[in-house]
1. Please arrange V181, V95 by how many other C-beta atoms lie within 10 Å of their C-beta, fewest to most.
2. With the Cα gyration tensor of segment 38-91 giving a ≥ b ≥ c as the square roots of its eigenvalues, does the rule (a/c under 1.5 for rounded; else a/b larger than b/c for prolate; else oblate) give rounded, prolate or oblate?
3. Need one number: % antiparallel among DSSP beta bridges in segment 20-164, to the nearest 5.
4. Karplus couplings for segment 257-266 from phi (6.51 cos²θ - 1.76 cosθ + 1.60, θ = phi - 60°), rounded to Hz, Gly and Pro as x?
5. Find the percent of Cα-Cα distances in segment 20-164 that exceed 26 Å, and round it to a whole number.
6. Which far-off residues, 5 or more places away or on another chain, put their amide H under 5 Å from the one on T260, with H placed in the peptide plane?
7. Taking amide H positions as placed in the peptide plane 1.01 Å from N, state which residues far from R79 in sequence (5 or more) or on other chains have amide H under 5 Å from it.
8. Counting other beta carbons within 10 Å of each residue's own, what order do S208, S18 fall into, fewest first?
Amino acid sequence: MCIATSQAVAKVCEPAASGLSALSIIDPDDLSQQPVWFRNPNIDSLSFKSGKAAYNFEADRLTARLTDKTTTADRAGDRIDYLLQARVSGISPDVELFRAKLMNRRVHVAATYQSGDRRLLPYMRLSADGDSGDRSNRNAYSFQGTLRLLKPAPFIGTSFNVIDGPYVPPDGGSGSGGIQVSNITTTASTYTYQVPAGKLLAYVWIVSDEAQNPQLGLTVSGDELGGPYPLDADQYAIMGSGLLRPVTATNIYFSGLAGTNTIEIWLLSGS
């Protein structure tokens with residue numbers, strides 16, 4: 001029951017707006033320090049590495065909800081289970097890059113309520129399904145995330161930098177969103193690839209038929225762009241999130257390779 005105690009009140013008992021107003025995806029590798037989410041009920045701020053930011057789904061494309069429940073039936077103790085369900089309209093190459101990076105990984109998710117309060121869901125496992133839709137429905141992605149915690153997920157006290165749309169680089173990036181994928185097969189222990197001027201090196205996918213420790217750098221045997229990754233045979237790694245956008249053509253160097261490698265290099269076109 002809601003009772004107005006003053007005749008000057010213009011609106012009473014107005015229900016709180018439902019749903020989430022924004023979803024921000026945070027690559028844990030982009031943070032200079034991981035938040036102590038398991039100890040504190042609130043987190044003052046998030047510390048990003050230079051040039052890094054969270055990736056935000058625009059509000060006009062997003063319909064999302066976050067539910068949680070306390071489970072008391074586990075003999076090991078009570079827990080809180082979170083379920084995130086989101087629909088993002090519009091099938092696009094940028095979101096496909098986002099889906100590729102989600103595979104076999106966990107990410108931090110910041111869910112913003114309509115009130116403006118922002119909750120951090122650490123190391124959430126996300127899945128994504130695409131649907132072209134029919135004549136009566138727009139094409140869209142359906143995201144679902146699950147998370148189990150021993151304490152309530154914390155709130156974030158301050159705002160942080162975001163980039164609207166997944167994997168649009170901080171410097172403005174690709175105007176057209178065009179994607180160029182180079183497929184390479186090599187048996188060498190090192191491999192050199194030249195990134196054209198103005199192209200954004202968005203992602204690198206690599207897999208071998210032998211165990212290896214690949215790394216990617218701007219110098220021979222360097223690891224400035226990723227790695228080393230200890231991989232078993234037929235186990236792949238994805239490096240990326242806007243690795244490089246050179247002003248002039250620039251070589252990148254794969255090292256620590258073994259066996260026969262298949263490498264995919266994803267480039268985004270400039271504006």
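1. Ordered from fewest to most neighbouring Cβ atoms within 10 Å, V181, V95 come out as V181, V95.
2. In terms of gyration-tensor shape, oblate.
3. Around 90 percent of the beta bridges assigned by DSSP in segment 20-164 are antiparallel ones.
4. 7, 8, x, 9, 9, 10, 10, 10, 10, 9
5. Of all Cα-Cα pairs in segment 20-164, 25 percent lie more than 26 Å apart.
6. Residues meeting the amide H criterion: D209, E210.
7. T71
8. Going from sparsest to densest Cβ surroundings: S18, S208.
None of the figures in this text is laboratory data; all of them are computed from the coordinates on show. On a predicted model such as this, the values are computed, not experimentally measured, just so you know. Virtual Cβ from ideal backbone geometry, glycine too; neighbours counted across all protein chains shown.
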